[in-house]
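This report refers to the structure that appears directly beneath it.
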Amino acid sequence: MPEIKTQDFTAASTAAILDPKLRRALDRVAEGFHVARLDRIEEVTQDVWDGWKDQAREIKVHTIENLDYYLELLDKNVTAAGGQLHFAKDADEANEIVAHIVRTRNIKIVTKSKSMVSEELGLNPVLEALGVEVWETDLGEYIIQLAEETPSHLVAPALHKSKEDVAALFTEKLGIPYDEDIYHMAATARTILRDKFMEADLGISGANFVVAETGTLVIITNEGNGRLCTSAPRVHIGITGMEKVIPSMQDLSAFLRLLPRSATGQRITSYVSMTTGPRRSDDEDGPEEFHLILVDNGRSKMLADPALREALYCIRCGACLNICPVYSRIGGHAYGWVYPGPIGAVVSPMLVGLPKAKELPQASSLCGACREVCPVNIDIPKMLLDLRKKTAESPDSSLRSAPEIERVLARLYAKLMSSPKLLKMGVKFGRFAQKLERMTPVFSPLTTDGKWIRNAHIPILSRWTKSRDLPTLPKQTFHELWEKELSPDDS
Amino acid sequence: MTANAKITADLFITCVVDQLYPDVGVSVVRVLRRLGVTVGFPTDQTCCGQPVYNTGYSQQARTLAKRVLEQFKDSEYVVVPSGSCAATIRVFYLEIFDDDTELLAEAKALAAKTYEFSEFLVNVLKVDDAADCGAGHEGTVTYHPSCHLLRELGVKSEPQKLLQSVPGLEQKELEGAEICCGFGGTFSVKFPHISEGMVTDKVANIQASGADTLVSCDMSCLMNIGGALNRQESAIKVRHLAQILDPESE
Ligand code: SF4
């Protein structure tokens with residue numbers, strides 16, 4: 001698996017938020033996707049859209065509840081079509097299956113189309129260690145491969161890079177003159193990659209869906225690179241998560257309506273490529289071998305947990321990232337692992353282990369925008385809350401996300417709020433402290449002007465007053481006002 | 001208004017309004033009374049438990065939620081001047097008690113009679129003209145739909161409808177209105193840098209709206225936005241919807 005940096009969330013997000021270039025890139029791309037997405041919904045009307053979403057969710061619920069059945073059906077049909085299905089329980093196993101194929105088939109050059117799961121497995125370094133040339137062929141993936149970085153968005157992996165960044169990168173890595181014309185840059189990549197498609201012995205692809213009833217692997221792209229990767233080399237390996245199986249071709253149509261519209265605001269992507277088995281005897285071209293690797297790598301833990309199971313319904317459209325006010329300020333890399341944004345804050349802890357990523361579920365205001373845009377109605381805020389519960393009070397200290405003081409404060413808060421009397425005393429004490437502070441500037445835990453606390457020198461509150469003022473306690477609480485002047489007994 | 005004379009509503013005033021914004025509570029009472037509602041206030045109430053629930057402390061939240069179930073058992077209606085606390089009672093209590101049939105039944109009964117302030121006015125009292133509460137407001141106003149009100153309770157048009165009918169009030173459009181202000185309870189102090197980024201954008205949009213007053217149905221969001229506005233020495237006022245509807249509020 002690639003390096004896990006989920007533990008550094010606070011530091012990484014702090015640095016990211018100060019990067020104006022990143023912010024501009026995030027605004028531009030996410031906003032573009034978001035607006036186009038809304039246009040598509042308006043076109044078909046919200047009611048129809050909601051109906052599509054419900055239908056897609058139903059399919060996902062049904063499939064995941066019957067996952068063993070559909071995986072067996074898929075296995076049967078992949079085999080019947082002349083392909084081979086492999087099941088990998090973790091990243092090492094998946095990488096070893098690929099490595100074995102590479103070694104035994106004398107593979108020298110690999111072309112890859114976009115696959116988040118191969119990022120999750122850390123496959124490229126494994127291949128490179130075998131002495132194989134690896135070429136990412138999705139333009140965004142190609143850029144970040146050249147830059148030796150990781151994707152920062154589910155569908156737009158190089159979203160964090162401006163065209164100037166890419167021009168400079170091409171000059172540095174490809175030795176070509178600096179040219180920030182996007183068409184020229186795309187043409188450069190195309191020329192280089194065209195040759196590689198033809199030279200490659202192995203094509204590796206991800207899969208947006210795999211259809212159980214036919215054994216078909218489906219990828220949707222805008223560049224056609226997926227089609228070339230899956231048809232030109234003599235061996236094709238598809239790698240994806242085991243949750244990507246869907247029952248039938250008819251079900252596929254439900255998702256083909258939703259995915260492009262949710263992801264980029266397109267009615268359909270330029271290419272929808274379906275691969276069923278290797279080339280048949282009467283096919284003019286196509287690979288001699290077709291392998292499909294389904295990866296567990298922590299997914300069965302999600303499956304076993306009713307509170308988190310619905311994370312497996314995700315079709316990786318990225319809509320929840322584009323709408324998320326947190327993601328749109330800190331970008332994908334701050335999340336520290338392959339899957340960023342709201343859904344990443346659920347999936348990463350499950351895949352890398354909660355102790356390492358326990359901060360991620362906290363990094364949300366629970367505003368619910370992600371749930372609203374999700375094409376399969378995944379209740380992300382609810383799952384974030386569930387993970388918070390799992391980390392707040394766990395008997396296992398490696399799971400607890402907050403310093404001990406937070407637990408003490410939570411208990412104290414519940415005590416205080418369980419006793420109106422105690423609360424009354426607390427408020428009185430607060431008012432007294434406020435007064436004292438005004439009278440004796442020496443004892444000054446708060447800097448106030450009577451109405452506002454401008455600067456609190458006590459933990460927690462100081463985090464608030466760094467950028468915001470806080471109202472001081474008024475002379476009377478509502479309780480007191482009620483008793484004095486509002487209660488009908490008085491009037 | 002005699003039409004509502006038979007309606008009794010108990011207030012769940014929320015801890016934020018109780019301790020920091022009692023004037024908002026006063027306006028809520030005045031508006032409801034003007035509309036003919038008999039207003040009650042169970043005085044043992046404190047907090048709905050949301051701050052602890054959202055941070056993951058479900059045991060503590062349960063303790064506080066049980067108190068609320070108890071205090072409002074006999075209420076005809078429960079009115080809450082906060083989308084977020086109303087959502088806690090209507091949505092999150094059902095999660096909190098989903099392992100206990102008896103308490104779940106109580107939670108459901110409470111949820112069925114609990115309303116956020118604006119939806120109570122529009123959907124229960126059938127107020128379609130804010131002039132019915134004597135409201136009048138000279139000035140320009142922009143509205144921030146708080147996230148839980150919007151997305152947990154699905155209350156979208158009600159506050160707008162009330163604002164639109166306030167005599168003298170001119171509404172200004174708020175760019176990015178539905179984007180979170182960055183409060184998020186403990187989120188705001190756990191990740192102050194992200195929260196600050198969010199409220200900074202919100203404030204910029206409010207300033208660009210040209211309104212002299214920002215209105216919302218949640219004082220916690222207004223505490224966040226108002227605190228940022230004040231830090232920037234902005235003259236824009238923040239008001240709860242009830243204060244706009246209450247002619248006696250300054
Ligand atoms: S959680 Fe929903 S919105 Fe987010 S990527 Fe997955 S399918 Fe798309």
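Neighbour counting of Cβ atoms within 10 Å sorts the residues A:TYR313, B:TYR115, A:TYR69, fewest neighbours leading, into A:TYR69, A:TYR313, B:TYR115. When each of A:SER113, B:SER195, A:SER419 is scored by the number of other beta-carbon atoms lying within 10 Å, the sequence from fewest to most is A:SER419, A:SER113, B:SER195. With q set to 0.19, 0.21 Å⁻¹, the log10 of I(q)/I(0) for the stretch B:134-250, from the Debye formula over equal scatterers at the Cα positions, is -0.99, -1.19. Where only DSSP H runs of four or more residues are counted, chain A gives -15000 deg cm²/dmol as its mean residue ellipticity at 222 nm, each run worth -39500 (n - 2.57). On a straight-distance basis, which lysines could pair with A:LYS108 in a cross-link, Cα separation under 17 angstrom, same-chain partners fewer than 8 positions away excluded? Straight-distance partners of A:LYS108: A:LYS196. Counts of other chain beta carbons within 10 angstrom of each beta carbon in peptide A:457-464 average 3.
The stretch B:23-91 and the stretch A:254-270 have Cα centres separated by 43 Å. For the stretch A:141-258, the convex hull spanned by the alpha carbon atoms encloses 124 Å³ per residue. With contacts taken as Cα pairs under 8 Å at a separation of at least 6 residues, chain B carries a relative contact order of 20 percent. For chain A, relative contact order (Cα pairs under 8 Å, six or more residues apart, normalised by length) works out to 19 percent.
Note down the net charge around A:LEU385, summing +1 for each Lys or Arg and -1 for each Asp or Glu among other residues with Cβ under 11 Å from its Cβ. Walk me through the numbers before you get to the answer.
On the way: positive: A:LYS382, A:ARG388, A:LYS389, A:LYS390; negative: A:ASP379, A:ASP386, B:GLU95.
Residues near A:LEU385 contribute +1 overall.
Pairs exceeding a 30 Å alpha-carbon distance, out of B:LYS6/B:LYS66; A:LYS424/B:LYS156; A:LYS428/B:LYS202: A:LYS424/B:LYS156; A:LYS428/B:LYS202. In this structure, A:SER300 and A:SER398 have a Cβ-Cβ separation that, at R0 = 25 Å, corresponds to a calculated FRET efficiency of about 0.70.
When only alpha carbons are used to place a centre, the stretch A:399-431 and the stretch B:177-206 end up 24 Å from one another. For the stretch B:192-240, the normalised intensity computed at q = 0.21, 0.27 Å⁻¹ comes to -0.66, -1.09 (log10 of I(q)/I(0), Debye sum over alpha carbons, equal scatterers, no solvent). Inverting the pair-averaged 1/r between distinct Cα atoms of the protein assembly as shown gives 27.9 Å as its Kirkwood hydrodynamic radius.
From the cross-link list A:LYS114/A:LYS356; A:LYS389/A:LYS475; A:LYS112/A:LYS244, which pairs have alpha carbons spaced over 25 Å apart? Kindly include the intermediate steps, with their values, before the conclusion.
On the way: A:LYS114/A:LYS356 27 Å; A:LYS389/A:LYS475 36 Å; A:LYS112/A:LYS244 19 Å.
Among A:LYS114/A:LYS356; A:LYS389/A:LYS475; A:LYS112/A:LYS244, the Cα-Cα distance tops 25 Å for A:LYS114/A:LYS356; A:LYS389/A:LYS475.
From other protein chains only, count the Cβ atoms within 10 Å of every residue's Cβ in A:407-418, then give the mean.
Working: counts 4, 0, 5, 9, 5, 1, 9, 13, 2, 3, 12, 8.
Whole-number average of other-chain Cβ neighbours for A:407-418 is 6.
Helix A:67-80 and the longest principal axis of the Cα set of chain A meet at an angle near 20°. The Rg/Rh ratio for chain B is 0.96, where Rg is the radius of gyration of the alpha carbons and Rh is the Kirkwood radius.
Straight-line cross-link reach from B:LYS113 at under 13 Å between alpha-carbon atoms covers these aspartates and glutamates, not counting any fewer than eight positions away in the same chain: B:ASP10, B:ASP74, B:GLU76. Partnerless cysteines in chain A, where a partner means another cysteine C-beta under 4.7 angstrom, comprise A:CYS229, A:CYS314, A:CYS317, A:CYS324, A:CYS374.
Can you check what the net charge comes to around A:TYR178, using other residues whose Cβ is under 10 Å from the Cβ of A:TYR178 (Lys, Arg +1; Asp, Glu -1)? Can you show the working numbers first?
Working: positive: none; negative: A:GLU164, A:GLU172, A:ASP179, A:GLU180.
Within the 10 Å Cβ shell, the charges total -4.
Do me a favour and compute the ellipsoid semi-axes for the stretch A:6-300 from its Cα gyration tensor, root of five times each eigenvalue, largest one first, whole Å.
On the way: eigenvalues 174, 140, 72 Å².
One finds semi-axes of 30, 26, 19 Å for the stretch A:6-300.
Centre-to-centre, using Cα atoms only, the stretch A:1-46 and the stretch A:305-370 are separated by 12 Å. Above 18 Å, the calculated P(r) of the stretch A:425-486 contains 40 percent of its Cα-Cα pairs. The angle between the Cα long axis of helix A:182-199 and the main principal axis of chain A comes to about 50°, on a 0 to 90 degree scale.
For A:LEU258, the shell of other residues with beta-carbons less than 14 Å away shows a net charge of +4, using +1 for Lys and Arg and -1 for Asp and Glu.
In Å³ and rounded to a whole number, note down the convex hull volume per residue for the Cα atoms of the stretch A:360-435. Write out the running numbers ahead of the final one.
Details: hull volume 11.0 nm³, N = 76.
Hull volume over Cα atoms, normalised by residue count, gives 145 Å³.
Shielding by partners for peptide A:320-332, expressed as the average number of C-beta atoms from other protein chains within 10 Å of each residue's C-beta, is 3. In percent, rounded to a whole number, the relative contact order of the stretch A:310-373 is 34, using alpha-carbon pairs under 8 Å and six or more apart.
Using only Cα atoms, tell me the angle between helix A:341-352 and the longest principal axis of chain A; keep it within 0 to 90° and round to the nearest 10. Result, in degrees: 70. A simple rule links phi to the HN-Hα coupling: the Karplus curve 6.51 cos²θ - 1.76 cosθ + 1.60 with θ = phi - 60°, which for the stretch A:133-149 gives 7, 10, 10, 6, 10, 6, 4, x, 5, 4, 4, 6, 5, 4, 7, 6, 10 Hz, with x for Gly and Pro.
Of the residues A:ILE144, B:ILE7, the one with the fewest other Cβ atoms within 10 Å heads the list, and the complete ranking is B:ILE7, A:ILE144.
Show log10 I(q)/I(0) for the stretch B:19-123 at q = 0.15, 0.17 Å⁻¹, two decimals, from a solvent-free Debye sum over equal Cα scatterers. Taking Cα atoms of the stretch B:19-123 as identical point scatterers yields -0.62, -0.79.
Here, each number is a calculation from the coordinates, and none is a lab measurement. It should be emphasised that the depicted structure is a prediction, and the values quoted were computed from it without experimental measurement. Cβ sites come from the backbone with ideal geometry, for glycine too, and all protein chains shown count toward neighbours.
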